[in-house]
Amino acid sequence: MLRPTRRRAYAVAAVLALAACAGGAPRGGRDAPRVEAVRAGRVLVDVASARAPQAVADCVVDGVRRLKIPDDYLALRSQAGGGRVVMLANPATGRTGLTVDVAARANGSQVRLYENGMVVSAQWRALVRRCAG
């Protein structure tokens, strides 16, 4: 019997949490609404970074992909002024499970992780802090 790795268990938990916040029958494919950044939840991480917004966002995306979360659940947006937004969202409904804002600052970025109703593990918070560092 195969035992799941901790990383795979976190990835499955994230996908299940996104599915739980789906609310309604999946529409899938081209009918899926455009995912919008949601910042209604608590701010779990708020750190200043010397890194450029694109570098921080790329690092977060790489970390999400290492967790084996399908690309369908990953949404990226550009912000005015050179910032980036990385979101985990249900592709069928467009509901956002967590949002990472990477705002451009004079000499780096301001990075914020919002929970938006999703239980965010210490591993997620560590990923965002590591990418900001």
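With +1 on each Lys and Arg Cβ and -1 on each Asp and Glu Cβ, and nothing else charged, work out how big the dipole of segment 42-132 is about its Cα centre, in Debye to the nearest 20. Intermediate results must be reported in sequence, preceding the final value.
Values: 13 positive and 7 negative charges, 37 e Å.
About 180 debye.
For the peptides 115-123, 63-71, 96-104, residues were scored by their other Cβ atoms within 10 Å and the scores averaged per peptide; the highest-first order is 96-104, 115-123, 63-71.
A short reminder: the numbers here are calculations on the coordinates, not readings from a lab. Predicted model only: the values in this text are computed from it and were never measured. Glycine also receives a Cβ, built like all others from the backbone with ideal geometry; neighbour counts cover every protein chain displayed.
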